[in-house]
Amino acid sequence: MTKHKTWQLWRDEKLTDEEAKLLRMKAADLPVPFDAAAKKDIQTLVEAFLKRDDALGLAAPQIGLSKRIIAFKVKDFDKKGVSGKDSWEVLVNARITQMRGEPEVMNEGCLSCPDISVEVTRATEIKVKALDRNGNKVNRRYTGFLARIVQHEIDHLEGRLVVDHEGTISFPKEKKEFFDKIFK
Ligand SMILES: [Zn+2]
């Protein structure tokens with residue numbers, strides 16, 4: 001098992017009980033100030049995130065680390081046609097302190113729930129309290145699609161996945177038998 005494998009609820013039409021157990025756990029806070037192990041965990045998550053160009057975000061439980069660390073791309077997603085700089089951000093011990101705006105429904109996928117997408121309702125504006133990768137306290141406000149990404153990643157820290165939301169689940173026809181069985 002490689003360190004950078006993405007942990008999933010199922011793989012090749014088989015449930016992955018051990019991985020699912022960790023993905024469903026509430027992740028632990030990192031100690032403040034960060035000790036050597038915490039710094040290493042942050043570095044591991046960042047490396048795993050940067051290796052995947054298909055991920056808008058990645059949470060530590062998705063690489064088998066039950067710690068409150070998330071990384072995600074930051075750009076002005078809502079301005080179509082504007083080629084913003086493709087930068088990214090890391091948040092440690094992140095918690096949402098405020099949710100505002102008219103909730104919005106959108107289809108979401110997740111590397112830990114392969115082959116499906118789920119209609120997820122989320123707030124369009126959030127405020128988040130966290131630490132940056134150097135351990136400095138930060139307060140952030142995210143809106144629009146970026147607010148969605150951050151809520152998705154923080155969900156992972158609570159052991160909550162897209163399939164735990166109420167919305168309709170979509171999957172390819174050829175996998176109907178498998179998914180009908182697990183979502184019944
Ligand atoms: Zn996810």
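The numbers here are math on the coordinates, done by the rules we state, and not lab data. Just so we're clear, the structure is a prediction, and the values are computed from it rather than from any experiment. When we count neighbours, we look across all protein chains shown, and the Cβ atoms used for this are built from the backbone with ideal geometry, even at glycine.
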Suppose every K and R has +1 on its Cβ and every D and E has -1 on its Cβ; what is the size of the dipole of segment 1-153 about the Cα centre, in Debye to the nearest 20?
-> 620 debye
Roughly how compact is the chain, stated as its Cα Rg over 2.2 N^0.38 Å to two decimals?
-> 1.02
Pulled fully out, how much extra length does the chain show between Lys181 and Asp29, if you take 0.36 nm times their separation in residues and subtract their Cα-Cα distance?
-> 51.2 nm
Compare the peptides 13-19, 66-72, 154-160, 52-58 by average per-residue count of other Cβ atoms within 10 angstrom and give them in order, highest first.
-> 66-72, 154-160, 52-58, 13-19
Once both label points are put 7 Å beyond Cα along the C-beta direction, the Arg141-Glu13 separation in nm becomes 5.0 nm
